[in-house]
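As structure tokens, the structure follows; a few thoughts come after it.
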Amino acid sequence: MRASSVGLFVVAAAVCGWFGRSAFSEDAPKGGMPTKAEMEKMMETLATPGEMHAWLAQPSGAWDLAGKMYEMDGKTVENKGSATFSMVLGGRFQQQTLSGEFKGKKFEGVGITGYDNLKKQFVNYWFDTMGTAPSVATGQRSADGKTLTLTGTWDMPFGPMPFRYVMTHKSEKEMLFAAFGSRGGQEFPMMEMTYTRK
């Protein structure tokens, strides 16, 4: 549940009396429930885009894609496409819209990446035409601000499979994306993609 939704739920619950008359009183005791003013301030802070959101905005614009995907037998399939990045919902989330071809078939994908001010981590949701379930991953940016590493687990027919995404900002005009899967504790490459700004 998003922080803003939690805030609305708490306020609504207080109005209904679920937390009692003094739950949000201006003189609530220290260590107890925050006052209404304190709660509103916290929610405002959590909802405000900051440094990490500004970092997510850097790739905004159109990009050409060129890369390869690794198949189970070790062979690779080259692919090309294009992607557009934009910030949505008041600069709170980065949206990537991707299109291209894979083995002669049209491929489309949409990614939403944000930075959770409460949990202090990045979160990514990826949707594409190769499946009906989203990919969900969380992670951190490197100290030098060049690399974002995200990890998650896919639910596969043969069981859960851990994965790792790495997006490296090489320059203002080039980014590298790599995806890795894991089986039996052994990691293997799945995809490499170079983004070149148009």
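The values are calculated or read from the model by the stated rules, or taken from the named source; none is laboratory data. Just so it is clear, the structure is predicted and the values come from calculations on it, not from any experiment. Cβ sites come from the backbone with ideal geometry, for glycine too, and all protein chains shown count toward neighbours.
The figures follow:
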| quantity | calculated |
| --- | --- |
| Qualifying residues in the stretch 124-149 (those that are of a type in the set (Val, Ile, Thr) and in a strand (DSSP E or B)) - the one farthest from the chain's Cα centre (by Cα) | 147 |
| For residue 117: the one exception among (1) out of contact with any helix residue (DSSP H, G or I) (no Cβ under 6 Å at 6 or more places or on another chain); (2) more than 18 Å from residue 69 (Cβ to Cβ) | (1) |
| Pairs with Cβ under 8 Å, 6+ apart, first in the stretch 45-58 and over 21 Å from residue 111 (Cβ atoms), second among the hydrophobic types (A, V, I, L, M, F, W, C) and in a helix (DSSP H, G or I) | 46/3; 47/3 |
| Hey, residue 118 out of contact with any strand residue (DSSP E or B) (no Cβ under 8 Å at 6 or more places or on another chain), surrounded by 11 or more Cβ atoms within 10 Å (Cβ to Cβ) and either modelled with pLDDT under 95 or hydrophobic (A, V, I, L, M, F, W, C) (or both) or not | yes |
| Test: residue in the stretch 153-162 that is touching a residue at least 24 places away in the same chain (Cβ under 8 Å) and not aromatic (Phe, Trp, Tyr) | no |
| Flag if residue 106 is basic (Lys, Arg), under 30 Å from residue 78 (Cα atoms) and either loosely packed, with under 15 Cβ neighbours inside 10 Å or in contact (Cβ under 8 Å) with a residue 40 or more places away in the chain (or both) | yes |
